[in-house]
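Down below is the structure, laid out as structure tokens.
The values are calculated or read from the model by the stated rules, or taken from the named source; none is laboratory data. From a predicted model like this one, the values you see are computed outputs, not experimental measurements. Neighbour counts run over all protein chains shown; Cβ positions are idealised from the backbone, glycine included.
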Amino acid sequence: MPTTEPIVIVEGVTLRTRIVRKRVRNVNARLVGDELRISAPTSISENELGKIVHELAGKLVRRARAARLNASDEAPALARRVAARFPEPPPFNDLIFVTTQRARWGSYSLRTGVVRLHAALRQFPPWVLEAVVAHELAHVFHPNHSPAFWQLLHQVCPDTDRAKAFLEGVSWITQRWESLPPVERALLAER
Ligand SMILES: [Zn+2]
């Protein structure tokens, strides 16, 4: 008989879980919409099962999110247009949103021609995304943040300063969100 535990929260996503105890060897999990369907051996303890489920759920949620984010060709097309604006266009093969990169907004590999972007950027206005792509590609010519780097970047992406301010604002608020007093937080959420 399946037991439905009310909810489990993984990676900030709320899931319902449905656990079926069976004569199986391993714990298996499948994500169907927002329901986590689990089959577990009869012998495993609740405690141990809870740990395994949490780990499996985290992986499934991140994988599902990344697949959905990368399903459209809009973003790679946008990045291709940005690359073409450089006086000497750097090699560009693909743009992928990743759910494994927390500290950086973007990165680029000259070897593979792949731009990787923080998954949250997918939700931001396209001109911000464009600016992050331009920033990463400009590093092909200038590895540092020298005046020559900014000059090239302004040339290929006139929105550079606005995008920089936008991203600084996002970082600022996300770093402080938890410590904001509830009233201010509520006020901000209503804007
Ligand atoms: Zn940089």
- Task: Please find, among L15, L31, the residue that is in contact (Cβ under 8 Å) with a residue 40 or more places away in the chain and surrounded by 14 or more Cβ atoms within 10 Å (Cβ to Cβ).
- Result: L15
- Task: Determine the pairs where a residue that is without any contact (Cβ under 8 Å) to a residue 60 or more places away in the chain, located within segment 142-163, has a partner that is surrounded by fewer than 18 Cβ atoms within 10 Å (Cβ to Cβ) and assigned to a helix (DSSP H, G or I) with Cβ atoms under 6 Å apart, the partner being 6 or more residues away or on another chain.
- Result: H142/A148; H142/F149; D159/W127; T160/H154
- Inter-residue pairs, beta-carbon under 8 Å, first assigned by TED's automatic domain parsing to the domain that holds A79 and of a type in the set (A, V, I, L, M, F, W, C) and in segment 128-140, second in a loop (DSSP other than H, G, I, E, B) and within 11 Å of the ligand (Cβ to nearest atom), 6+ apart: V132/W105
- Item | Counted residues, segment 136-156 - those being within 13 Å of the ligand (Cβ to nearest atom), touching a helix residue (DSSP H, G or I) at 6+ places or on another chain (Cβ under 8 Å) and assigned to a helix (DSSP H, G or I) | 6
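Residues checked against (1) surrounded by 14 or more Cβ atoms within 10 Å (Cβ to Cβ); (2) of a type in the set (A, V, I, L, M); (3) away from the ligand (no atom under 16 Å from the Cβ):
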| site | (1), (2), (3) |
| --- | --- |
| A66 | yes, yes, yes |
| L69 | yes, yes, yes |
| A75 | yes, yes, yes |
| P89 | yes, no, yes |
| D94 | yes, no, yes |
| Q101 | yes, no, no |
| W105 | yes, no, no |
| L121 | yes, yes, no |
| E130 | yes, no, no |
- Query: Within segment 165-174, is there a residue that is in a loop (DSSP other than H, G, I, E, B), assigned by TED's automatic domain parsing to the domain that holds L78 and more than 16 Å from the ligand (Cβ to nearest atom)?
  - Reply: no
- Task: Name every residue in segment 76-114 that is closer than 30 Å to L60 by Cβ and either at pLDDT below 90 or assigned to a loop (DSSP other than H, G, I, E, B) (or both), in order of residue number.
- Result: N93, T99, T100, Q101, R102, A103, R104, W105, T112, G113
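For segment 47-67, check the following and say yes or no: at least one residue is assigned to a loop (DSSP other than H, G, I, E, B), of a type in the set (A, V, I, L, M, F, W, C) and more than 27 Å from V132 (Cα to Cα). Even if it seems obvious, please write down each step before you answer.
The initial filter retains those residues of segment 47-67 that are assigned to a loop (DSSP other than H, G, I, E, B), namely none.
The answer is no, given that none of the residues of segment 47-67 is assigned to a loop (DSSP other than H, G, I, E, B), of a type in the set (A, V, I, L, M, F, W, C) and more than 27 Å from V132 (Cα to Cα).
To keep it simple, each residue is scored yes or no on (1) of a type outside the set (G, A, S); (2) in contact with a helix residue (DSSP H, G or I) (Cβ under 7 Å, 6 or more places away or on another chain); (3) not assigned by TED's automatic domain parsing to the domain that holds T160.
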site	(1), (2), (3)
V10	yes, yes, yes
N28	yes, no, yes
P41	yes, no, yes
A84	no, no, no
P87	yes, no, no
Y108	yes, yes, no
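Could we say that G50 is touching a residue at least 24 places away in the same chain (Cβ under 8 Å) and surrounded by fewer than 16 Cβ atoms within 10 Å (Cβ to Cβ) here? Give the steps one after another, and end with the answer.
Numbers: touching a residue at least 24 places away in the same chain (Cβ under 8 Å): no; surrounded by fewer than 16 Cβ atoms within 10 Å (Cβ to Cβ): yes.
In short, no.
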